[in-house]
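The values are calculated or read from the model by the stated rules, or taken from the named source; none is laboratory data. Given the structure is predicted, the values throughout are model-derived calculations rather than measurements. Reconstructed Cβ throughout: ideal geometry from the backbone, glycine too, with neighbour counts over all protein chains shown.
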Amino acid sequence: MSRLFRDVDGGPRCPHGSVVCIGAFDGLHLGHRALVRHAVDRARALGVPAVALTFEPLPREFFAADAPPPRLLSARAKAQGLVDLGVDQVGLLRFDARMAGMSAEAFCRDVLARRLGAREVWVGPGFHFGKGRQGDLATLRAQGRELGFDAGEIAPVLLDGERVSSTRIRAALAEGDFALAERLLGRPYAISGRVRRGRQLGRKLGYPTANLHFDGDTPALSGIHATRVHGPGLDAWPSVSSLGTRPTVDGGEPVLEAHLFDFEGDLYGSRIEVEFVARLRDEEKFDNLADLTAQMHRDAEQARALLHHDRRATA
């Protein structure tokens, strides 16, 4: 993505100025979308690029590297989602020891003013930044007066009287409440990625799967689910998916394995999106493959019934 940059160093990216929004943007929920769209609208009014700044890894992942908290969206999906919302440039700034030690004032001077030529900077409620999270909206405004940009905060987006947040979405997913997660996100919760070739054990058991890996990220949910798969030649294809560490066969890194019902084709190398519809059960460790296969039959039957009912209800 040519509009993507990772570094705080380098020459000016926006010589004629920009409007910048800053956030973790994990999930790109309704609150994030309101912030990004406001920044894009302001950029269009001023005739300058809209820039979204976020961090990879997320700061909370950097400071808890041994036990990273769950995340809702991969870096690639987040960047693409920001572009889809109208952002002209996406800064996935490397959050490392140097970034963690950068003062709020240095961030304003070196990143917002020098690198991006910010004319306006927009953040969400309760935003903090810089070393020790010492910077806030008041810091942005004070620095902006010296460096030539304005700063503002959008109003919180509420749902059922509570602020929309990634924390609420993670809690909803952990409870299998995909209806609430969808309302908070503004779209069904889904995980996307490129299908990789696995050990093909599922094929031997009669359940070939399309496998997505997380490359060190911690998924926000686990277990067996009724799902729909979107991708090339796929239109909400009904499926049953397992997300977890596969304790019966290897107990390794988390993998999302989607079995598409009555599907014949090769998805290896394709980018797909797995949409979660309903939680069936927790992941289990079985004594043998025969017991695992018997449970897979029951899971598939339950998922088919749920998806058939759901499709009729929403038709």
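Are any residues in region 99-136 on the phi > 0 side of the Ramachandran plot, without any contact (Cβ under 8 Å) to a residue 12 or more places away in the chain and not basic (Lys, Arg), and if so, which ones?
Selection gives 126, 132.
Could you tell me how many of the residues in region 141-154 are out of contact with any Cys (no Cβ under 7 Å at 6 or more places or on another chain), in contact (Cβ under 8 Å) with a residue 24 or more places away in the chain and on the phi < 0 side of the Ramachandran plot?
Going through region 141-154 one residue at a time, the tally reaches 7.
Which condition number does residue 86 fail, the rest of (1) without any contact (Cβ under 8 Å) to a residue 12 or more places away in the chain; (2) on the phi > 0 side of the Ramachandran plot being met?
Of everything listed in (1) without any contact (Cβ under 8 Å) to a residue 12 or more places away in the chain; (2) on the phi > 0 side of the Ramachandran plot, residue 86 misses just condition (1).
Using the structure shown, decide if residue 88 is at pLDDT 95 or above, of a type in the set (Asp, Glu) and under 23 Å from residue 215 (Cβ atoms).
In short, no.
Can you pull out the strands (runs of 3 or more DSSP E) entirely within region 5-95 that have at least 1 residues that are touching a Pro at 6+ places or on another chain (Cβ under 9 Å)?
Where strands (runs of 3 or more DSSP E) fall fully within region 5-95 and carry at least 1 residues being touching a Pro at 6+ places or on another chain (Cβ under 9 Å), they are 18-22, 89-94.
Quickly run through region 271-294 and pick out the residues that are exposed (fewer than 15 other Cβ atoms within 10 Å of the Cβ) and either in a loop (DSSP other than H, G, I, E, B) or free of Cβ contacts under 8 Å to residues at least 12 places away in the same chain (or both).
282, 284, 285, 287, 288, 290, 291, 294, listed by residue number.
Might you let me know whether region 29-38 holds any residue that is under 22 Å from residue 117 (Cα atoms) and in contact (Cβ under 8 Å) with a residue 60 or more places away in the chain?
Among the residues of region 29-38, at least one is under 22 Å from residue 117 (Cα atoms) and in contact (Cβ under 8 Å) with a residue 60 or more places away in the chain, which makes the answer yes.
I'd like to verify a number: residues in region 31-52 that are under 23 Å from residue 187 (Cβ atoms) and either in contact with a strand residue (DSSP E or B) (Cβ under 7 Å, 6 or more places away or on another chain) or buried (at least 18 other Cβ atoms within 10 Å of the Cβ) (or both), how many?
Counting residues in region 31-52 that are under 23 Å from residue 187 (Cβ atoms) and either in contact with a strand residue (DSSP E or B) (Cβ under 7 Å, 6 or more places away or on another chain) or buried (at least 18 other Cβ atoms within 10 Å of the Cβ) (or both) gives 10.
Looking only at region 1-19, filter to residues that are within 20 Å of the chain's Cα centre (by Cα) and within 22 Å of residue 107 (Cα to Cα); which one of those is surrounded by the fewest Cβ atoms within 10 Å (Cβ to Cβ)?
6
Hey, could you check region 85-109 for residues that are among the small types (Gly, Ala, Ser) and within 24 Å of the chain's Cα centre (by Cα) and say which is nearest to residue 38 (Cα to Cα)?
Applying the filter and picking the extreme gives 86.
Could you name every one of the helices (runs of 4 or more DSSP H) located completely within region 132-201 that has at least 1 residues being in the same structural domain as residue 37 (by TED's automatic domain parsing), exposed (fewer than 15 other Cβ atoms within 10 Å of the Cβ) and modelled with pLDDT of 95 or more?
Of the helices (runs of 4 or more DSSP H) lying wholly inside region 132-201, those with at least 1 residues that are in the same structural domain as residue 37 (by TED's automatic domain parsing), exposed (fewer than 15 other Cβ atoms within 10 Å of the Cβ) and modelled with pLDDT of 95 or more span 137-147.
Is it true that some residue in region 295-315 is within 21 Å of residue 173 (Cα to Cα), touching a helix residue (DSSP H, G or I) at 6+ places or on another chain (Cβ under 6 Å) and buried (at least 16 other Cβ atoms within 10 Å of the Cβ)?
No, region 295-315 contains no residue that is within 21 Å of residue 173 (Cα to Cα), touching a helix residue (DSSP H, G or I) at 6+ places or on another chain (Cβ under 6 Å) and buried (at least 16 other Cβ atoms within 10 Å of the Cβ).
Go through region 255-313 residue by residue and tally those that are more than 27 Å from the chain's Cα centre (by Cα), of a type in the set (Phe, Trp, Tyr) and at pLDDT 90 or above.
Summing the residues that are more than 27 Å from the chain's Cα centre (by Cα), of a type in the set (Phe, Trp, Tyr) and at pLDDT 90 or above in region 255-313 gives 1.
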